[in-house]
Amino acid sequence: MLRRLLVPVAIATTALIAAGCTQGSPAAEQEQPKALSIAFLMPCSTCADRFESKDKPYFTDAVKAIDPSITVIANNAQGDAAVQLQQAESALTNGAKVIVVSPFTAEAGASIVAKADAAGAKVIAYDGGIDGAAPAAYVSFQNQKVGELQGQYLLDHLPQGATVAMINGDITSAPGRDFKAGAHKVLDPAFASGRLKLGYESDTPGFDPAKGQAAMEQGLTKLNDKVQGVIAPNDGLANAVITALTARKLNGKVLVTGQDATDAGLTAILAGNQSMTVYKSIRNEADAAAKIAVALAKGDTAGATALTTTTVDNGSGKVPSLLLDPMAIDKDNVGDVIKDGFTTKDKICVGEAAAKCDL
């Protein structure tokens with residue numbers, strides 16, 4: 001009786017083992033398509049807090065909306081080009097098919113393109129361009145126009161003979177160079193004619209607010225506090241400039257430019273300490289980059305190129321590009337940023353600005 005029972009059990013066990021081997025065989029595993037990965041590499045937090053708070057979530061959400069199965073590998077180099085290259089290498093090792101990178105320096109981006117090319121992956125230059133290599137695409141704003149808008153604001157609002165200080169950003173980055181070039185394009189003729197006077201100018205490594213504040217303090221000392229306008233390329237440096245001005249009781253008396261329409265920047269505008277900022281629809285930028293990245297990840301190079309509208313010659317080739325328009329924001333049109341869904345009244349109508357928030 002015992003022998004009769006053992007035979008069916010042995011047969012059933014053999015069948016289960018055979019079934020398990022078939023289901024877990026290498027051949028069966030190879031038939032399963034691997035999930036796609038896209039890397040999103042940011043330059044630093046001191047450059048602008050927008051990368052962590054806006055760009056990363058916007059980009060990730062846009063990719064997931066197109067294809068929920070795609071993994072987004074997001075990392076921040078925190079101001080170190082070598083770290084950013086290591087992050088790119090790690091992403092490639094982990095199977096990233098596309099690297100979307102805002103390069104800490106334009107030149108460092110070329111090394112990332114070289115690594116990606118060797119791995120059969122694509123690179124999209126995001127927000128800042130790459131020098132020394134041609135990425136598959138470039139998505140940004142008309143960055144020189146940002147500087148032009150800032151320069152024009154001072155030109156339109158400063159009196160004859162007013163003195164200007166320029167606390168530029170990091171000119172080792174393509175955006176930093178463009179912001180500075182755009183401002184000079186507008187202001188240099190005014191400096192040459194005597195319409196305005198350039199009293200002090202400094203570049204700021206890493207867009208670091210602490211370094212920007214120190215530079216502004218040096219400028220104020222040199223000028224004996226005689227300054228009527230300051231070019232600051234973004235809201236982080238604008239805040240640093242305002243801190244230096246406040247220490248000398250000059251806040252609200254000196255025109256200060258900015259960029260990114262941060263909550264702090266908009267609050268400073270409403271309070272009267274900052275004069276203007278340049279708003280860029282980061283959601284549109286991130287959405288566009290996500291669409292191009294997904295197309296490239298799926299091997300649709302033609303489809304990715306069709307999503308661009310122009311080309312930019314970076315010296316290494318004509319890069320398919322999409323360049324969005326920035327817009328100037330001051331106290332008269334702060335509400336436009338809220339209408340665009342970028343922030344809310346509750347977030348910016350705080351502190352000094354609360355009593356002046358007629359939006």
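We did not get these values from a lab; they are worked out from the coordinates using the rules stated. Treat the numbers as computed from the prediction; the structure is a model and nothing was measured. With ideal geometry, Cβ positions are generated from the backbone for all residues, glycine too; neighbour counts draw on all protein chains shown.
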For the stretch 192-252, place one equal point scatterer on every Cα, skip the solvent, and apply the Debye formula. What is log10 of I(q)/I(0) at q = 0.16 Å⁻¹? -0.47
Taking the radius of gyration and the Kirkwood hydrodynamic radius from Cα positions alone, what is the Rg/Rh ratio for the stretch 296-359, to two decimal places? 1.26
Arrange 231, 70 by Cβ neighbour counts within 10 Å, fewest through most, would you? 70, 231
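Given +1 on the Cβ of Lys and Arg, -1 on the Cβ of Asp and Glu, and no further charges, what dipole in debye does the chain carry about its Cα centre, rounded to the nearest 20?
Details: 32 positive and 38 negative charges, 92 e Å.
I would put it at about 440 debye.
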Measuring from the longest principal axis of the C-alpha atoms of the chain, the long axis of helix 174-193 (C-alpha) lies at a number of degrees, nearest 10, equal to 20 degrees
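How many Å³ per residue does the convex hull of the Cα positions in the stretch 170-324 occupy? Before the final figure, lay out the partial values.
On the way: hull volume 21.5 nm³, N = 155.
Output value, Cα hull per residue: 139 Å³.
What percent does the relative contact order of the stretch 39-122 come to when contacts are Cα pairs within less than 8 Å and at least six residues apart? Before the final figure, lay out each step's value.
Values: 112 pairs, mean separation 32.4, N = 84.
Here the relative contact order equals 39 percent.
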In degrees, nearest 10, the alpha-carbon axis of helix 235-247 is tilted away from the dominant principal axis of the alpha carbons of the chain by 40 degrees
Report the extension gain between residue 117 and residue 142 in nm, rounded to one decimal, defined as 0.36 nm multiplied by the number of residues separating them, less their alpha carbon distance. 6.3 nm
Given H placed 1.01 Å from N in the peptide plane, which residues other than close sequence neighbours of residue 319 have an amide H under 5 Å from its amide H? 312, 313, 314
Among 192, 119, 288, residue whose mean-square fluctuation peaks in a GNM of the chain (springs only between Cα atoms under 10 Å): 192
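Past 22 Å, Cα to Cα, is the threshold; run 253/331; 64/291; 211/280; 185/222; 197/253; 34/122 against it and keep the listed order. Before the final figure, lay out the partial values.
Working: 253/331 15 Å; 64/291 10 Å; 211/280 25 Å; 185/222 25 Å; 197/253 17 Å; 34/122 17 Å.
Beyond 22 Å: 211/280; 185/222.
Using Cα pairs closer than 8 Å and at least 6 residues apart in sequence, work out the relative contact order for the chain, in percent.
Numbers: 719 pairs, mean separation 59.6, N = 359.
It rounds to 17 percent for the chain.
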Note the angle between two axes, namely the Cα long axis of helix 56-66 and the longest principal axis of the Cα atoms of the chain, as a number of degrees from 0 to 90, rounded to the nearest 10. 40 degrees
Taking a label point 7 Å from the Cα of residue 318 along Cα-to-Cβ, the residues of the stretch 134-174 whose backbone nitrogen sits under 19 Å from it are 134-140
Dividing the helical contributions, -39500 (n - 2.57) per DSSP H run of n ≥ 4, by the residues of the chain yields a 222 nm value, nearest 500 deg cm²/dmol, of -14500 deg cm²/dmol
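Return the FRET efficiency for the residue pair residue 309, residue 355: r is the Cβ-Cβ distance, R0 is 41 Å, and the value is rounded to the nearest 0.05. Could the numbers behind the result be given before it?
On the way: r = 44 Å, r/R0 = 1.07.
The computed FRET efficiency comes out at 0.40.
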